[in-house]
Each structure stands twice: as C-alpha cells, then as structure tokens.
Amino acid sequence: MEDLFAALADPTRRLILDELTERDGQPLFEVCSRLMTKHRLAITRQGVSHHLRVLEEAGLIATRRAGRTKLHYRQTAALERLAQRWRTEPKARPDMLRITVTSVFVDDQAKALAFYTDKLGFQPKTDQPAGDFRWLTVVSPSDPDGVELLLEPNEHEAARAYQQALAQDGIPATSFQVDDVERAHAELTDRGVVFVQPPTDLGPVTTAILDDTCGNLIMIASPPRTAG
C-alpha cells in the first residue's frame, strides 16, 4: 500500500489521474499535451513516462496497446480497496424508533389465536402470562423475526368502544399485505373466512375486507401498482 500512497503524493501524478478521469485511454503524447496546455507544466516526455510507470506499478492505471500506440486507462480498484480499509458501517442511533409489535383488540384471545393461525395462516410467536390474560403474538411465516401482531384483550371499556365504533362504521382495524388479493380472497373463502367486501379495484391497489370473528374488520391489500 506504500506504493499507492507514494504515487498519490506527487501533484503531477494526481493531475494525470484527473486528466484520465476526464478522458480515459490517452496515449503518452496527449497526456503531455494536456499537462502543458491546461496546467502549464514544463515537463519532458521522459518525465511524464516515469510518472505513468509509477502510477501503473501502484495499480492506479493500466495500459493497452492499439497498434504501435500505448494507451493509458484509469483504474479504481486500488482506491476502492484503500477506502474499504477504514470504512465503518454507520451505527444506528440508540434512540432510533423501530416498529417491533403492533396490535389489534380481540374479544377472546383463544378464539383469536385459532382464527389468525388456522384461517389466516399466521404462526404463533410469543405466548406469556400477563396477569389475567396473555401476551400473545403471531407473525407472518415468511418473516418469523419481523413485526409481531399482538392479540390484545379488549378488556378496557374504552378499547371495546373504540373497536365497536370502527366495526359499526365499516372501518378496518388494520391492514395486511398480500401479493394477489383475488387469489387470497379465494383461498381464505375456502377456509371459511367471511368477507364483507369482495376484491375491489381502487386504482393503485386492490383491497378486500374480512371479518376476523373477534370484533374487527381486517383489510387485505395488494402492493401499490407503479405507473408505466
């Protein structure tokens, strides 16, 4: 690596690299001409040739013959290795917020667990006693270490009122993404899931809404379509 630092320490060699960056594949006479006309450097062809040889030995340029002419090309691999030597990955801020758990209120945790696993296809993740209830979560089988869905008891009067108000107004409590709403609708219907809204094209997305039997309406939606 010392030869790389030595090659870059010379200002003339740095100018040569600048010129090859501007127009790669130059012969010796063009490099000389650019140094003289653009930078007013009074340097012999032998001097430029020496600088080019030092750059080549350091891996900063490569040469290729075109007939009787030797062309010089800038090489970046050595510089990239140099940059990697001291590169450190940016550390996440300790106060960076992350979503690890989200929740839906349910009127019966056991019934909810059966529905979300047997009918919707989620898999159990955490099941721990929490007072009179359980800390009960499920996850997508395609992302078992991803966001957990907490099946949270609607024991509090405010939770029940909130849940009932959403359902009565036809507002989904949450939304899950599927690749193909039509296909998911057909498969879930075959499993006995009841839909209150069939697949509906809403422009950028297609949605359908199901009843989770635990007091909630749940939307399934396709990823937004991109224009084009």
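The values are calculated or read from the model by the stated rules, or taken from the named source; none is laboratory data. Predicted model, so just to flag it, every value in this text is computed and none were measured. Quick reminder, even Gly has a Cβ in these numbers, built from the backbone with ideal geometry, and neighbours come from all protein chains shown.
Name the single residue, out of those in the range 38-67 being in contact (Cβ under 8 Å) with a residue 40 or more places away in the chain and not in a helix (DSSP H, G or I), that is nearest to ALA7 (Cα to Cα). Among residues in the range 38-67 that are in contact (Cβ under 8 Å) with a residue 40 or more places away in the chain and not in a helix (DSSP H, G or I), the one nearest to ALA7 (Cα to Cα) is ALA58. Scanning the range 47-97 for residues that are surrounded by 10 or more Cβ atoms within 10 Å (Cβ to Cβ) and among the hydroxyl-bearing types (Ser, Thr, Tyr), we see that the one that is nearest to the chain's Cα centre (by Cα) is THR76. PRO153 falls short of the stated requirement of being within 32 Å of the chain's Cα centre (by Cα), at pLDDT 95 or above and assigned by TED's automatic domain parsing to the domain that holds ALA110. Scanning the range 161-207 for residues that are polar (S, T, N, Q), out of contact with any Gly (no Cβ under 6 Å at 6 or more places or on another chain) and surrounded by 11 or more Cβ atoms within 10 Å (Cβ to Cβ) turns up GLN164, THR174, SER175, GLN177, THR189, GLN197, THR200, THR206, THR207.
Only one of the numbered conditions (1) free of Cβ contacts under 8 Å to residues at least 12 places away in the same chain; (2) part of a loop (DSSP other than H, G, I, E, B); (3) of a type in the set (S, T, N, Q) is not met by THR213, and that is (1). Please tell me if LEU188 is part of a strand (DSSP E or B) and touching a residue at least 24 places away in the same chain (Cβ under 8 Å). No.
Mind checking which residues of the range 1-37 are on the phi > 0 side of the Ramachandran plot and assigned to a strand (DSSP E or B)? Selection gives nothing.
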